[in-house]
1. If I build a Gaussian network model for the chain, linking alpha-carbon pairs within less than 10 angstrom, which residue out of Cys233, Cys49, Cys71 has the largest mean-square fluctuation?
2. Which whole-Hz couplings ³J(HN,Hα) result when phi for each residue of segment 28-44 is put into the Karplus expression 6.51 cos²θ - 1.76 cosθ + 1.60, θ = phi - 60°, listed in order with x for Gly and Pro?
3. If you put +1 on each Lys and Arg Cβ and -1 on each Asp and Glu Cβ, how big is the dipole of segment 1-157 around its Cα centre, in Debye rounded to 20?
4. Just want the answer: with Cβ charges of +1 for Lys and Arg and -1 for Asp and Glu, which residue in Val147, Thr133, Leu92 is farthest toward the dipole's positive end in the chain?
5. Can you compute 3J(HN,Hα) from phi for each residue in segment 347-360, using the Karplus curve 6.51 cos²θ - 1.76 cosθ + 1.60 with θ = phi - 60°, rounded to whole Hz and x for Gly and Pro?
6. Comparing Leu174, Leu67, Leu17, which has the greatest mean-square fluctuation in the GNM of the chain with Cα pairs linked when under 10 Å apart?
7. Compute all pairwise cysteine Cβ distances in the chain, then list the cysteines with no distance under 4.7 Å to another cysteine.
8. Beta carbons within 10 angstrom, averaged per residue: use that to sort the peptides 72-80, 89-97, highest first.
Amino acid sequence: MDRSAYELIFSAFAFVLGAVVGSFLNVCIYRLPLNLSINKPRRSFCPHCKTPIPWYQNIPLASWLLLRGRCAHCGASIRFRYFGVELITAFLFFAVWRAFPWPLALAYWVFVSLVIIATFVDFEHFIIPDQVTIGGTIAGIVASFLVPELMNTESRLAAAVRALLAAALGYIVLLLVLEAGKLAFGKKRIRLDGPTPFTWKRHGDDAEFVLGAEQSLWSDYFAREKDRLLLKCEDAKIDNHVHNKVTLEFYYNRVTAEGQTLMLDDINEISGTALEVVIPREAMGRGDLKFLAAIGAFLGWRAVLFSVFAGSLAGSLVGLFTLLVGKRVWSAKLPFGPYLALGALAWMFFGDAFVRWYIGVVSPP
Ligand SMILES: [Zn+2]
C-alpha cells in the first residue's frame, strides 16, 4: 500500500476512535456531576427508564441516528447532546491526528477529552468536576514528562517542571481575576425604573419569579448555599401576611422579612412591588481556576494567557449578543469554563500561527 492509503486508514481510525471515546465521555458527563461511578454499572442505561442498553444499540453515532434519538425500550427521546458529543470528539480526534505527529497527538487526545467533559458539565451544572481539573493537571504534568515536545523541550525533567509552573500560573492568574471580580461583579444591583410588580410562585421544588416583564426560574439565581438575593420592596405579601417598606432577604431555601425567617417550602406565593433588586452573581468558580491549571499543564504558559484573553473576549461577545437579542435582561449565571475551553483549543491548533502573526505585527521584517 502506498503512503496516502495508510494516511487514509489512520485518519479514519482516528475518527472512529474519537466517536468511541466520545461515547465514553457522554457517560462521564452524565455521571461525574451526580457522583455516580463511571464503571459501575458497566453497561450504559437509558436515563429515563433505566433499562440497560445492549451493545448493538450503543454504537457511537450510528445508534442515535438509527433509533432516531429514542430509547428502543421506552421510546423516551434521548438528548441530541449524546450524538453531538460523539461527533465533536470524533472530529477533534481526527483534526488532532492530522495536525500533530503521533506522540503529541496521543497527549492532545487526552487533553481534548478532558476539555469536552469540562465544557458540557459546566454548561449544565455550572461546575467542573475535580476528576477533570485536578486529574487533568496531574495528567498534563505526566504527559509533559512522557512527551517533552508538549513543553517545547527535549528534557523530560524540564518539561515536567514547565508544566507544573504553567499550571501554577493558570491557577494564580484566575485567582487574581476572581478576587478582583468579587469586588466588581460578586453581586449585581439592578435599579428598576420605578416601582415594579413582582410575583414568586412555587411549582413543586422550584418557583417562578416574575419581576416586571422578566420571568425566570428561581433556581437560576442560586449556585451556592451562601448566595443571597435582596429585594427592596414598597410592599410585599407573603402568603397572606402584608409587609410595608420591607427588604426581603432570600437564600435558596428561605426568606427573611423584618427579622422573621420563613422556609420557602412553607410558602406558596409572594407578591408585591419592588424598587430594587440585588442578585448574586459570580462569573467564575473555583473549578475554572483548576481547569486553567490543567490547560497550562498540557499546553504551557502562553496557552494560559491566551485562553484567559480569548475566553473573556468570546464570553463578553456572547453576553453582549444575548443582551442584544433580548433573551435575558440580565444573566445570573455565566459559565466561564466553555470559553476557556474554546480558547485552549484555539491555541492548541493555531497558537504557533498566532505567535508568528503577532511577531510580524509587532516587529515587521
Ligand atoms: Zn428508556
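Every number here is computed from the coordinates shown, using simple stated rules; none is lab data. This is a predicted model, so every value here is computed, not measured. All Cβ positions, even for glycine, are placed from backbone atoms using ideal geometry, and neighbour counts span all protein chains on display.
1. Highest fluctuation among the options: Cys49.
2. Karplus-based 3J(HN,Hα) across segment 28-44 equals 4, 4, 6, 8, 4, x, 8, 6, 8, 5, 8, 10, 9, x, 5, 7, 5 Hz.
3. Approximately 700 debye in magnitude.
4. It is Val147.
5. Values, residue by residue: 5, 4, 7, 10, x, 4, 4, 4, 5, 4, 4, 5, 4, x Hz.
6. Answer for the Gaussian network model of the chain: Leu67.
7. Taking the Cβ cut-off of 4.7 Å, the unpaired cysteines of the chain are Cys28, Cys233.
8. 89-97, 72-80
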